[in-house]
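Report on the structure given below.
The values are calculated or read from the model by the stated rules, or taken from the named source; none is laboratory data. Values in this document were obtained by computation on a predicted structure and should not be read as measured data. Glycine also receives a Cβ, built like all others from the backbone with ideal geometry; neighbour counts cover every protein chain displayed.
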Amino acid sequence: MASYEIKKYHGLGNDYLVIDPKICDVKLLESHIRKLCKRNFGVGADGILYGPFFKDGKIYVECFNPDGSRAQNSGTGVRIFAKYLFDNGYVKDKTVEFYTDNNKAYVEILNDDATLVRANMGKASFKSTDIPVTGDEREVINEAMYFGGNPYEVTCLSVGNPHCAYITDEISCEKVMALGPMVESAEYFPMRINFMMMHVIDREHVAIEVYERGAGYTLASGTSACAACAVTNRLGLTERKIEVIQPGGSLTVELNDNDEIIMTGSVDSVGMMMISESFFAN
C-alpha cells in the first residue's frame, strides 16, 4: 500500500504538520486537515502548513487551522516553515522570504541548525475595518464589549490575523477556555477572532494565555505574542522590547524604528512519519 511522508515541528509546544506537495502528492481536503489534526484519530497538531508552492520566483505556503479553516497568518508557522525550507534545501541563505495568503514573511535564521528564528511580522493595525470589528470605523482600544452577558474592556487589532486582548491580573488556562469560545464567535467579529488574556508583569515581561480561532487552547502563539507587544506598547505599559511568557515557553518581541513587529523564538523538529494512502481516501 502506498504511503505519504509528512513532517512535524513545534515552536514552544505549538505544533504543526508540514505537507510538501512535491513529496506528498495528494489533494488536501478540509476533511483531511480535520482528521490529521485530531490527536486520537490522526497525527495531532495545532495546524497544517501546506507548501512550498512557487510562482513568479516567489515561495508560498498555505496555513490551516485544525478545523480546516484558513489561517491568515501564523507566527509559529512562519518560524517552522523557514526551518523546513532551510533543512530541505529549498533555500541556501539564512534570510528567507515567503508568502502566507497576502502576508509576506521576512525570516532570519540565527543558528546553524535553524532552531532559533527571527521574523519580521509587519505592523499592527487597531483599525476596526482591518481586524474586522463591526460598527463605525475606529481604533478599537480599551473598548467595552459584552461576552456572556458581562462587560470586558478589550483592545482589538490585526497583525495579519485578528486578535482581541483582555488585560487582567489573573490569567489561566481555565479562565481563557471559559471565555475564549464566546469571544471567538461573538457578533462583534464577523471573521471570528483570536482571544488573549494578558497579565503585565513589569515593563519588560508580559504573560499571556490564548484561545485561538479555529484551534482552541494552545500552549503558545506567535502572532498572539506579537499582538501582546503591540497592545502593551500602544497603552504605554511596557518598553518596545519585551519577553512574552506562555505555557509552552517565551518569545522575545520588539518594535523596530518603523513600528514593525520583530519576533524571535525557537522551533524544533519532531520527526517524519508515513501516512497510509487510505487515510486520504475520504
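Taken over the stretch 166-181, the criterion of being in a helix (DSSP H, G or I) and either surrounded by fewer than 21 Cβ atoms within 10 Å (Cβ to Cβ) or among the β-branched types (Val, Ile, Thr) (or both) is satisfied by CYS173, GLU174, LYS175, VAL176, MET177, ALA178, LEU179, PRO181.
Looking only at the stretch 103-112, decide whether some residue is outside any loop (DSSP other than H, G, I, E, B), among the polar types (S, T, N, Q) and more than 30 Å from GLY57 (Cβ to Cβ). There is no residue in the stretch 103-112 that is outside any loop (DSSP other than H, G, I, E, B), among the polar types (S, T, N, Q) and more than 30 Å from GLY57 (Cβ to Cβ).
Considering only residues in the stretch 40-66 that are in a loop (DSSP other than H, G, I, E, B) and closer than 20 Å to SER3 by Cβ, the one that is nearest to the chain's Cα centre (by Cα) turns out to be ALA45.
Residues in the stretch 88-113 that are at pLDDT below 95 and of a type in the set (A, V, I, L, M): 3 in all.
Screening the stretch 120-152 for residues that are small (Gly, Ala, Ser) and surrounded by 12 or more Cβ atoms within 10 Å (Cβ to Cβ) and picking the one that is modelled with the lowest pLDDT gives GLY122. Please determine, by comparing only the residues of the stretch 153-165 that are in a strand (DSSP E or B) and among the small types (Gly, Ala, Ser), which one is surrounded by the most Cβ atoms within 10 Å (Cβ to Cβ). Top of the filtered list is SER158.
The set of residues in the stretch 185-195 that are surrounded by fewer than 15 Cβ atoms within 10 Å (Cβ to Cβ) and either in contact (Cβ under 8 Å) with a residue 40 or more places away in the chain or not in a loop (DSSP other than H, G, I, E, B) (or both) comprises GLU187, PRO190, MET191. Taken together, the residues in the stretch 193-204 that are under 20 Å from the mean Cα position of the chain (by Cα) and not aromatic (Phe, Trp, Tyr) amount to 6. In the condition set (1) assigned to a strand (DSSP E or B); (2) modelled with pLDDT under 95, HIS199 is compliant with all but (2).
Listed conditions (1) touching a residue at least 60 places away in the same chain (Cβ under 8 Å); (2) within 29 Å of ASP136 (Cβ to Cβ); (3) of a type in the set (D, E, K, R) are all met by ASP268, apart from (2).
This table checks each residue for (1) within 12 Å of PHE81 (Cα to Cα); (2) in contact with a strand residue (DSSP E or B) (Cβ under 6 Å, 6 or more places away or on another chain); (3) not β-branched (Val, Ile, Thr).
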| residue | (1), (2), (3) |
| --- | --- |
| THR100 | yes, yes, no |
| LYS104 | no, no, yes |
| ALA119 | yes, yes, yes |
| LYS123 | no, yes, yes |
| PHE126 | no, yes, yes |
| ILE131 | no, yes, no |
| THR134 | no, no, no |
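Inside the stretch 2-32, can you point out the residues that are on the phi < 0 side of the Ramachandran plot and in a loop (DSSP other than H, G, I, E, B)?
Scanning the stretch 2-32 gives ALA2, ASP20, PRO21, LYS22, ILE23, CYS24, ASP25, VAL26, LYS27, LEU28, LEU29.
For the stretch 67-101, the tally of residues that are more than 15 Å from the chain's Cα centre (by Cα) and either at negative phi or part of a helix (DSSP H, G or I) (or both) stands at 15.
Here is a yes/no grid of residues against (1) surrounded by fewer than 23 Cβ atoms within 10 Å (Cβ to Cβ); (2) out of contact with any Cys (no Cβ under 7 Å at 6 or more places or on another chain); (3) in the same structural domain as PHE81 (by TED's automatic domain parsing); (4) in a strand (DSSP E or B):
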{"residue": "VAL183", "(1), (2), (3), (4)": "no, no, no, no"}
{"residue": "VAL206", "(1), (2), (3), (4)": "no, yes, no, yes"}
{"residue": "TYR211", "(1), (2), (3), (4)": "no, yes, no, yes"}
{"residue": "ALA220", "(1), (2), (3), (4)": "no, yes, no, no"}
{"residue": "ALA227", "(1), (2), (3), (4)": "no, yes, no, no"}
{"residue": "GLU239", "(1), (2), (3), (4)": "yes, yes, no, no"}
{"residue": "ILE245", "(1), (2), (3), (4)": "yes, yes, no, yes"}
{"residue": "THR252", "(1), (2), (3), (4)": "yes, yes, no, yes"}
{"residue": "MET272", "(1), (2), (3), (4)": "yes, yes, yes, yes"}
